[in-house]
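Shown next, in structure tokens, is the structure this report addresses.
What follows draws every value from the coordinates through simple rules; no lab data is involved. What you are looking at is a predicted structure, and each value in this text was computed from that prediction instead of being measured. All Cβ positions, glycine included, derive from the backbone under ideal geometry; neighbour counts span all protein chains shown.
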Amino acid sequence: MKSRMWKLPKTILVYLVVILIVAACVVPVLWILLTAVKEQADIFAMPPKLFFRPTMANFVDIFANRNFLHYLVNSVVLAVSTTLLAVVLGVVAAYGFSRYNFKGKKDIFFWILSVRMSPAIVAVIPLFLIIARIGLLDNLISVTVVYLLINLPFIIWVVKGFIDEVPIELDEAARIDGCSSLRTLVRIIVPVISPGIAATAILSIIFSWNEFLFALVLTGINARTLPVTILQFITLTGINWGPMCAAGTVTIFPIFIFALSVQKHLVRGLTLGAVK
Amino acid sequence: MTIRKQYRPYLLIAPATIILMIIALYPFVYALQLSLYRWEMGQAVEAKKFIGVLNYIKALLSSDFWTALGTTAVYTAATVVVEFGLGLAVALLLNGEFVGRSVVRSIAIIPLAVTPVVVGLVWRVLYNTDYGLINFILHELGLPTSKWIAGMSTALISVVIVDIWQWTPFATLILLAGLQTVPIDVLEASKIDGASGLQRFRYVTLAFLRTPILVVLLFRTIDSFKVFDNIYALTMGGPGSATETLSMHLYIQGFRNRHMGYASAMGILFLIVVTLICQLFIRVIDNQGTSSNDGSRTRR
């Protein structure tokens, strides 16, 4: 039989390609981890050293000498506060879009999408000037609000999809019992879709954590976030590879855990609910 | 009472919409106005000079603007085509059966989760001409090494490769989700009806993949078109202007050369292009019915 003859080589080929894919995904990330725990001399060693005495010196350095903890806290505060704000405002709006028909609904809904799709560089020029004028440059409050540009449209679009899937009969029952619409939302809808909201919130934290351009332009010494901090290791006199990779490692580590925890909702979140 | 009921949906969407208007619409109007002035950051506000559409004309006549647009177009076309093709191939592979499939599926999305700036930094290390891993491997294999991001002619392809590394998993993830909606009994039935493997793929699988395919293409097109983080971390647009995409060009013009009015004008032009792509997207998801079931579910 022709097909049986082909089976073994084909299986071997499949596994070879799978190994290749896994290597391609893992090696670059592993490499930054390895560089982070190498001493300066080992980083530049040729051929690259795979076996060496790991050192925590680079991690100690960024926390002890480079104020890294401050920027880490900035990133955490920023990601959490903008997400909380976006979830509260976004879920209420999503409920309005899901459960009611009103004039201009479609236009407003798609305008919100276009905000999400717009290039950040176009928004950041006027935002920089406006925020400078009200004296809130390099301030976490202004960045928190600006990040709503990313997170609020995202949450409205994805959560609307979740609410659409809740049978309207649930609302109606609550309505007969005399609940107001906000009460219906909080008491009936939110508990049903809470896993979806949690996953959406985690994705929103990831987006905020990874954001770079707004943070680059709008922050300075004080409100700087991790992605901007990392690039400070590139100086005119050279690149501090070890500390830079240590900072990179600390930046991506929490995101991995978060991303794994929302794997099930990733498709939906990344496509704004267009693919379920 | 009836009037209040009419206003209820507006009350629900008002807080979010008003905030978005303040942080999106107002800056847009501000940029629109600024684009009609010659003004450099740092100058006094009085130095602002109204010049009409001169900034727009300047942009449209500037070879740097067109070069940046061309670079962005090449970058977008290359990344979207490869990411889609490769993503589909990997999705088909991961949809098959083999030992450790679910673990591999998790590993395959790792690049997606890495902070874009860190991705840039990782590849800076890998690409390094003297002690990078890639040149080392090429050298060991007896292949010619390259200057990668440091070379005038290789820089663009090098940043494209980085984009492909990070975003192919996006295509894989979405297309794999689509593949899992293809009903096996339909595939079996078409097999019994005598359809070849290629025909089954063409007429059954692809039919179910329509929406995921469009979503992947449009999301990647828009995101690639706006690319900034990777480029900033890898090359800052260099060497020369070899990797200077539109976002990078605007950043340099606005924040390094301080031509705020000019940068705003280019920003408006940029926005028009993205809006056109976005319109296409809206038409697509509108047709496939994201909002078509609203009627039956909506309270009147």
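Things worth noting here:
- Which of A:166, A:148, A:128, positive extreme of dipole for the stretch A:117-178 (C-beta unit charges): A:128
- Remark: the stretch B:254-268, residue by residue, has Karplus-estimated 3J(HN,Hα) of x, 9, 9, 8, 6, 7, 5, x, 4, 4, 5, 4, 5, x, 5 Hz, where x stands for each Gly or Pro and the curve is 6.51 cos²θ - 1.76 cosθ + 1.60 at θ = phi - 60°.
- Paired Rg and Dmax values of the stretch B:1-155, which use every Cα atom, in angstrom: 25.6, 82
- Per-residue mean of foreign Cβ neighbours for B:119-132 is 5 (Cβ atoms of other chains, 10 Å radius).
- Amide H contacts under 5 Å for residue B:238, placed H, 5+ residues apart: B:243
- Under 5 Å from the amide H of residue A:66 lies no amide H of any residue 5 or more positions distant or on a separate chain, with H modelled from the backbone and absent for Pro and chain starts.
- Our summary of shape: the Cα atoms of the stretch A:121-276 have principal axis extents of 70, 39, 23 Å, ordered from largest down, in whole angstrom.
- Here each label is just a point 7 Å from Cα along the line to Cβ, and for residue B:60 and residue B:11 those points are 4.9 nm apart.
- Residues A:105, A:38 arranged by fewest to most Cβ contacts within 10 Å: A:105, A:38
- Cα gyration tensor, the stretch A:77-202 - rounded (a/c under 1.5), prolate or oblate: prolate
- Reachable lysines, given that their alpha-carbon falls under 26 Å from the alpha-carbon of residue B:49 and they are not under 8 places away in the same chain: B:58
- Taking only the C-alpha atoms of the stretch A:2-55, the Rg (one decimal) and the largest Cα-Cα distance, Dmax (whole number), read 18.1, 57 Å.
- Panel values: the protein assembly as shown, Kirkwood radius from alpha carbon pairs, Stokes-Einstein at 4 °C and 1.567 mPa s, translational diffusion coefficient 51 µm²/s.
- Most positive-pole-ward Cα, A:275, B:96, B:109, against dipole of the protein assembly as shown from beta carbon charges: A:275
- Förster-model FRET efficiency, 25 Å R0, residue A:103 and residue A:168, C-beta, rounded to 0.05: 0.75
- Kirkwood hydrodynamic radius of the stretch B:111-240, from inverse mean 1/r over distinct Cα pairs, in Å: 17.4 Å
- Note on the stretch A:2-55: with charges restricted to the Cβ of Lys and Arg (+1) and Asp and Glu (-1), its dipole about the Cα centre is near 520 debye.
- Of A:12, A:115, A:65, farthest towards positive along the dipole that unit charges on Lys, Arg, Asp, Glu beta carbons give chain A: A:12
- Taking every DSSP helix (H) stretch of at least 4 residues in the protein assembly as shown, weighting each as -39,500 (n - 2.57) and dividing the sum by the residue count yields a mean residue ellipticity at 222 nm of -22000 deg cm²/dmol.
- Count of Lys pairs (Cα-Cα under 14 Å; at least 8 positions apart or interchain) in chain A: 6
- Exposure proxy for A:92, A:192, B:103: other Cβ atoms within 10 Å of each Cβ, ordered fewest to most, give B:103, A:192, A:92.
- Taking amide H as placed 1.01 Å from N in the peptide plane, the amide H of residue B:37 sits under 5 Å from that of B:51, each at least 5 places away or on another chain.
- Label-point separation, residue B:184 to residue A:7 (7 Å along Cα→Cβ), nm: 1.7 nm
- Residue-wise HN-Hα coupling along the stretch B:96-113, computed from phi with Karplus coefficients 6.51, -1.76, 1.60 (Hz; x: Gly, Pro): x, 9, 7, 5, x, 4, 5, 5, 4, 4, 5, 4, 5, 9, 3, x, 4, 8
- Across peptide A:28-35, the mean count of Cβ atoms from other chains lying within 10 Å of each residue's own Cβ comes to 5.
- Charge context of residue B:66, other residues only, Cβ under 15 angstrom, K/R +1, D/E -1: -1
- Only Lys, Arg (+1) and Asp, Glu (-1) charged, at Cβ; chain B dipole about Cα centre in debye: 1140 debye
- GNM remark for chain A: springs join alpha carbons under 10 Å apart, and the peak mean-square fluctuation among A:21, A:141, A:189 falls on A:21.
- Likely footprinting exposure, A:175, A:268, fewest C-beta neighbours within 10 Å first: A:175, A:268
- Kirkwood analysis of the Cα pair distances in the stretch A:56-122 returns a hydrodynamic radius of 15.6 Å.
- For the stretch A:143-155, Karplus couplings with θ = phi - 60° (6.51, -1.76, 1.60), whole Hz, Gly/Pro x: 5, 4, 5, 4, 5, 5, 4, 7, 7, 5, x, 4, 5
- For the peptides B:163-169, B:58-64, B:69-75, A:8-14, residues were scored by their other Cβ atoms within 10 Å and the scores averaged per peptide; the highest-first order is B:163-169, B:69-75, B:58-64, A:8-14.
- Structural size metrics of chain B, computed from C-alpha coordinates, are Rg and Dmax of 24.2, 82 Å.
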